[in-house]
Amino acid sequence: MTLKLSVLLLLLVSAFARSAQSLQPAGAADVPMPSAVLGFTPGDDRKLASWSQVVDYFGRLDRASDRVNFETLGQTTMGKPFVMATISSPANLERLEEYKQIQAQLADPRKLGAPGVRDRKAAELIKRGKTVVLITCGIHSTEVGSYLSSMLIAYRLASSNEPDVQKILDNTIILLVPSLNPDGVDIVKNWYDKTLGTPYEGTDPPELYHHYTGHDNNRDWYAFTQVETQITVDKIHNVWHPQIVHDIHQQGATGSRLFLPPYMAPVEPNVPRQIVEGYTQLGNWLAQQMRAKGFQGITTNSTYDAWSPSRAYSHYHGGVRILSETASARIASPITLKFEELTSREGYDPQKESANFGPLWRGGEWHLRDITNYMTTGAFLLLQHAADNRTQWLQRFYEIGAQAVRPRTKGEIWGYDLIRANKKNYLALDNALTRAGVEIEYCAVGPHRAGKVVRLAQPYGGFAKAVLELQHYPDLRDSAGHPIAPYDVTAHSMSLLTDVTVRPIKAPFRCEAIDWCDDNTLPKYEITKRVALYRSSVPAIDEGWTRFVLENNGRDVRSLRDAELRVGNLIGKFDTIVIPDQAARTILNGYRRGAMPPELTGGVGTDGVKA
């Protein structure tokens, strides 16, 4: 090679390097990619991150990027850090307290003064405010794609100088929770790693992935029994009042590749119409955009309803909930599906294009990378909409608050009397309403004297009405006249759950509030000394809930496993054995042989029954 050619080649390489460097976002070299911390890229087959790795990664993002504030909000059931990353432009992060105050005033227009001046003051706040988006991941810990995707989402937001990302950072404040159930991250990872390369690879762990409630942790958004729910409500929802909540889930493997709102009927009647309009508009737009980008197998208006506040706290607190459900693999292991193996769910057939399903996914391999691609694409499109329509989102949010605090008119329910029957249960209801931001008054005068009253003309009166009144699930029928089964729950009447009499107030009333203080000392219940709770090798949610109740009544309850039960001599160890609600066949036989390691199969067996 001649000297002239060598010099020319060197100049070309140097020019290419400079060009590549100019395309790289400023400061991106200092922001660690997930692979630099984890040793793999989230979405790689058969790779899961531990919770300590996730926390470590977000901590490094916080130190490397002025777009990320990372904090620990509390401790989980099993003592792990419950964390959140706040992501926005550096200028916005410097003014977070100001934006919190804007949100609080728009959420409760009473703070803006008399009705005649509220609209004017709200318009000024809307000009200054940002769309607040809460992204929650990993509440169901076998749905591993979302907690892995959280790191991909955060990295791009922290490092990219793309115009679309810059607009998102300027116009939104993103609250990113990498997992709503950090304990389950490690429970699932430990079992997955233990069984990797064995016949049991990709199976669910033989224990509840939430220590007490398993899958039911996503049914706790109205009773607030679990510490993870309490942290999320107390330190995120009630502090920030997000306009949009993007709740990222996975669903079964054989249906659609992705579900997005709008939801199927029924919609709970106390959900504001603006919420329904918001999730319908945004969900349909996301589906349209993803189809245009080549994503397949997308359904809307199917499978999932908007009936119960037990799953949708934000719907009663001014925020549109966008539930996304991406098809699963076998935890982190790929699967292969034939087109004819795809199965229908309520509202669509994955083998037929329709108005609310398509384009067809013809089957084939389905990897964890497919899951993270659907999730991250959907998240950034949602953030784009939140940024592009900032004024609209804030205006809608204010209108919801204004409608909530309006005076009631003749024929409407004005409030509720709460009449205590059982002290312990009454306090459970009182605490749930208070945690949800519901104002409870103690009346000194009038017909409600010396009693507690919930007035509906308040920001979260709709939540109170939804959980206090009796529900009547609608009689829904398909085109052939057959009943349409509910998605899960048909009622959520806290008054019945807690045995508190709730009496509607159907006329205007005066209630001069006085200072009052409940005696929060709960009654003590006598429980036999030596209590065992049967714990099958096959996890049962009722076992977890029962353990929660006993332990929260001060009992250090013993878990009785199959092997110990089969040995016998139980009367020498225990006074009482509690058998949780579980199928008798499952208790007797456990996992079928070959489905799980031998030590987990067999159930109590005939010896256990005799014992």
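The values are calculated or read from the model by the stated rules, or taken from the named source; none is laboratory data. If you're wondering where the values come from, they're calculated on a predicted model, not measured in any experiment. Every residue, glycine among them, receives a Cβ derived from its backbone with ideal geometry; neighbour counts consider all protein chains shown. Just the protein is used for accessible areas: all its heavy atoms, side chains included, with ligands, DNA and RNA removed. Shrake-Rupley method; radii C 1.70, N 1.55, O 1.52, S 1.80 Å.
Backbone amide hydrogens, once placed in the peptide plane, bring residue 578 within less than 5 Å of 532, 533, 534, excluding anything fewer than 5 places away on its chain. Solvent exposure of residue 33, expressed as accessible area, is near 100 Å², computed with a probe of 1.4 Å over the protein chains only.
Across the alpha-carbon set of region 523-573, the Rg to Rh ratio works out to 1.00, Rh being the Kirkwood radius.
Let me make sure I get this right: for region 389-432, a, b and c are the square roots of the gyration tensor eigenvalues over alpha carbons, sorted descending. Under 1.5 in a/c it's rounded, otherwise prolate if a/b > b/c, else oblate. Which is it? Write down the numbers at each step before the final one.
Working: a/c = 6.89, a/b = 1.85, b/c = 3.72.
Taking the square roots of the gyration eigenvalues as a ≥ b ≥ c, region 389-432 is oblate.
Which pairs, out of 121/506; 100/127; 194/573; 80/189; 127/293, put more than 21 Å between their alpha-carbon atoms?
Numbers: 121/506 32 Å; 100/127 14 Å; 194/573 33 Å; 80/189 15 Å; 127/293 32 Å.
Beyond 21 Å between Cα atoms: 121/506; 194/573; 127/293.
Shape class for region 544-611, computed from the alpha carbon gyration tensor (a ≥ b ≥ c): oblate, with a/c not under 1.5 and a/b at or below b/c. Expressed to the nearest 5 percent, the antiparallel share of DSSP beta bridges inside the chain is 55 percent.
The label point for residue 36 and the one for residue 489, both projected 7 Å from the Cα toward the Cβ, are 4.5 nm apart.
With the Cα gyration tensor of region 303-357 giving a ≥ b ≥ c as the square roots of its eigenvalues, does the rule (a/c under 1.5 for rounded; else a/b larger than b/c for prolate; else oblate) give rounded, prolate or oblate?
Numbers: a/c = 3.24, a/b = 1.69, b/c = 1.91.
Oblate, since a/c reaches 1.5 and b/c is not below a/b.
For the peptides 368-377, 195-204, 576-585, 427-436, the ranking by packing is 368-377, 427-436, 195-204, 576-585, with the highest mean count of neighbouring Cβ atoms within 10 Å listed first. Note on residue 549 and residue 333: with the Förster distance fixed at 51 Å, the Cβ-Cβ geometry gives a FRET efficiency of about 0.90. Residue-wise HN-Hα couplings along region 170-180, as the Karplus relation 6.51 cos²θ - 1.76 cosθ + 1.60 with θ = phi - 60° gives them from phi, are 6, 10, 10, 10, 9, 9, 10, 9, x, 7, 7 Hz; Gly and Pro carry x.
Of 70, 574, the order by accessible heavy-atom surface (1.4 Å probe, DNA, RNA and ligands excluded), from most exposed downward, is 70, 574. Please report how far the C-alpha centroid of region 542-611 lies from that of region 218-268, rounded to the nearest whole angstrom. About 32 Å separates the Cα centre of region 542-611 from the one of region 218-268.
At 222 nm, what value in deg cm²/dmol follows for the chain if DSSP H runs of at least 4 each add -39500 (n - 2.57) and the sum is divided by all its residues, to the nearest 500? Mind showing how you got there, number by number?
Numbers: 20 runs with 226 residues, N = 611.
Calculated from helices alone, the mean residue ellipticity at 222 nm is -11500 deg cm²/dmol.
Restricting the calculation to alpha carbons of region 255-331 gives Rg and Dmax of 12.9, 38 angstrom.
Any number yet on Rg/Rh for region 71-227, C-alpha, Kirkwood? List each step's numbers first, then the result.
Working: Rg = 19.9 Å, Rh = 18.3 Å.
That ratio is 1.09, to two decimals.
Ordered by 1.4 Å accessible area with all protein chains kept, 247, 388 run largest first as 388, 247.
3J(HN,Hα) couplings calculated from phi for region 117-133 with the Karplus curve 6.51 cos²θ - 1.76 cosθ + 1.60 (θ = phi - 60°) are, in sequence order, 10, 4, 4, 5, 5, 4, 4, 5, 5, 5, 4, 8, x, 10, 6, 9, 10 Hz; Gly and Pro show x.
Phi angles across region 357-371 convert, under the Karplus curve 6.51 cos²θ - 1.76 cosθ + 1.60 with θ = phi - 60°, into 3J(HN,Hα) values of 8, x, x, 5, 9, 8, x, x, 6, 9, 10, 4, 4, 4, 5 Hz, Gly and Pro given as x. Amide H contacts for residue 251 (H built 1.01 Å from N in the peptide plane; partners 5 or more residues away or on another chain; cut-off under 5 Å): 326, 327, 328.
Size descriptors for region 36-129 (Cα atoms only): Rg and Dmax, in that order, 19.3, 60 Å. Would you mind giving the average projected area, over all directions, of the Cα convex hull of region 93-133 in nm² with one decimal? Result: a mean projected hull area of 2.9 nm².
Please compute the per residue accessible area over region 373-423 with all protein chains in place, 1.4 Å probe, rounded to a whole number of Å².
Numbers: 2080 Å² over 51 residues.
In whole numbers, region 373-423 has 41 Å² accessible per residue.
Projecting the Cα atoms of 85, 363, 413 onto the charge dipole of the chain, computed from C-beta unit charges around the Cα centre, puts 413 farthest toward the positive end.
Across q = 0.15, 0.26 Å⁻¹, region 197-250 modelled as identical point scatterers on its alpha-carbon atoms has Debye log10 I(q)/I(0) values of -0.59, -1.13, in the order of the q list.
The Cα atoms of region 199-286 cover 48, 34, 22 Å along the three principal axes, with the biggest extent listed first.
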